[in-house]
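Asker: Pasting in a structure now, in structure tokens, and then I'll have a few things to ask.
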Amino acid sequence: IGVKNNRFMLTLLDPDLAGIDPHDPNLSLNYKMKVLKEVRNNFWYYLREVVRIPSSGPPSPFLLNRGNMAFLYLAIMNINTILLMPRQTGKTIAAACFYVYVYNFRTQNSQISLLNKEFKDSKDNLSRIRSIRDLLPVYLRFDAVFSQVNGKKVKVPNTAVYMEHAVNHNKLRTYAKARNDVSAANLLRGQTFPLLWVDEFAFVPFMKIIYGNMSPAMSKAIEIAKRNGVPYGILYTTTPGFLTTEEGKYAYRIINNATKFNEGWYDLTYQQIIELI
């Protein structure tokens, strides 16, 4: 369609890794170090060669499509995004893969907060993230039962609602849905985190109140993340909601007030995209 920057998803920084399988159990230490360096500096290599998705048969490679590619392109630039796609088209898995990347390779002492229309769904997304992390090559997982905190050996928290990295101390935390205005106002208030994923955004009750009360603390965390050059931002993923509900009306308003993505953005610089937004 005329996009000149049309091969960014095929980027390879280290030519020595061409034809090398990161999942090869006989990979030498030298190549393992090369893979780790490439992963840390090249998100698309991680997505293309390293990440695997649980399935009913053998784990599947990641399936890129125009929808999840647009979101991921913006996410690695820390641009707040609303991704509206039909069911079973890969938006949730794409988000889970992105947060595995951030959690394992791109920051430290940070928190990713997960919200959904039901607490069960938030826990399911955390489980997806954990399952994808567990399918990384062993030398890239950095998972451990114990961690060192202030010189002491401490058991790493790992539950259905919370997960902490043994090495970099990043956290993944799920939140229950708000039942009323008061619980919505208190749900994320005072929580200092630079990364938020709200799945099924168009179905989350009291989202306007939740957002209004979490913004001050999150803004401070984002300011610190920007200063340190580590990931930050808000992601809303959702299937189409209903204009007969308050949450559906709010989501519709937010979507219509957002800047619509265009694939011509792939040819723009980061600054040009920010100015356009």
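The values are calculated or read from the model by the stated rules, or taken from the named source; none is laboratory data. Note that the structure is predicted; figures quoted are calculated from it, not measured. With ideal geometry, Cβ positions are generated from the backbone for all residues, glycine too; neighbour counts draw on all protein chains shown. Just so you know, the surface numbers come from the protein's heavy atoms only, side chains and all, with ligands and any DNA or RNA stripped out. Shrake-Rupley method; radii C 1.70, N 1.55, O 1.52, S 1.80 Å.
Asker: At I1 and L64, where each label point lies 7 Å from the Cα along Cα→Cβ, what is the point-to-point distance in nanometres?
Answerer: The answer from the label model is 1.5 nm.
Asker: Estimate the FRET efficiency between E246 and N26 by the formula 1/(1 + (r/R0)^6), using the beta-carbon distance for r and 41 Å for R0, to the nearest 0.05.
Answerer: After rounding to 0.05, the efficiency reads 0.10.
Asker: Same structure, new question: May I ask you to derive the relative contact order of the chain, considering only C-alpha pairs under 8 Å and at least 6 residues apart, and to give it as an integer percent?
Answerer: Here the relative contact order equals 20 percent.
Asker: Calculate, in nm to one decimal, what K37 and I224 gain on full extension: separation in residues at 0.36 nm each, minus their alpha carbon distance.
Answerer: Stretched fully, the K37-I224 segment lengthens by 64.9 nm.
Asker: GNM, the chain, Cα, under 10 Å: largest mean-square fluctuation among I254, I76, I129?
Answerer: Result for the chain, Cα springs under 10 Å: I254 fluctuates most.
Asker: List the relative contact order of the range 92-234 as a percent without decimals, with contacts defined as Cα pairs under 8 Å and 6+ residues apart.
Answerer: Numbers: 238 pairs, mean separation 42.1, N = 143.
Across the range 92-234, relative contact order equals 29 percent.
Asker: Still on this structure: In whole percent, how big is the carbon plus sulfur part of the accessible area of the range 159-250, probe 1.4 Å, protein atoms only?
Answerer: 57 percent
Asker: While we're here: Considering only DSSP beta bridges where both residues belong to the chain, give the percentage that are antiparallel (nearest 5).
Answerer: 35 percent
Asker: Another question about this same structure. Which ³J(HN,Hα) values, rounded to whole Hz and listed in residue order, are derived for the range 46-52 from phi using the Karplus coefficients 6.51, -1.76 and 1.60 in 6.51 cos²θ - 1.76 cosθ + 1.60 with θ = phi - 60°, glycine and proline given as x?
Answerer: Working through the residues one at a time gives 4, 5, 7, 10, 9, 5, 10 Hz.
Asker: Then there is this: I want the local charge near Q111. Using Cβ-Cβ distances under 14 Å, sum +1 for each Lys or Arg and -1 for each Asp or Glu among the other residues.
Answerer: It works out to a net charge of +3.
Asker: I want to check the label-to-label distance for A258 and R179. Put each point 7 Å from Cα in the C-beta direction and report it in nm to one decimal.
Answerer: Placing both labels 7 Å along Cα→Cβ, they lie 3.1 nm apart.
Asker: Same structure, new question: Please find, in a Gaussian network model of the chain (springs between Cα atoms separated by less than 10 Å), the residue of T81, T244, T159 whose mean-square fluctuation is greatest.
Answerer: Looking only at T81, T244, T159, the biggest GNM fluctuation is shown by T244.
Asker: Of all the accessible heavy-atom surface of the range 1-141, with the other protein chains kept in place and a 1.4 Å probe, what percent is carbon and sulfur?
Answerer: On the range 1-141, the fraction of accessible area on carbon and sulfur atoms equals 52 percent.
Asker: For the chain, what is the accessible area per residue in Å², given a 1.4 Å probe and the full set of protein chains?
Answerer: In whole numbers, the chain has 52 Å² accessible per residue.
Asker: Now a separate question. Which residue, N213, N104, N65, has the most motion in a Gaussian network model of the chain that connects Cα atoms within less than 10 Å?
Answerer: N65
Asker: I'd like the distance separating the alpha-carbon centroids of the range 4-70 and the range 202-276, in whole Å.
Answerer: 28 Å
Asker: Taking θ as phi - 60°, what are the ³J(HN,Hα) couplings along the range 230-242 by the Karplus curve (6.51, -1.76, 1.60), each to the nearest whole Hz, with x for Gly and Pro?
Answerer: 10, x, 7, x, 10, 10, 10, 10, 6, 8, x, x, 10
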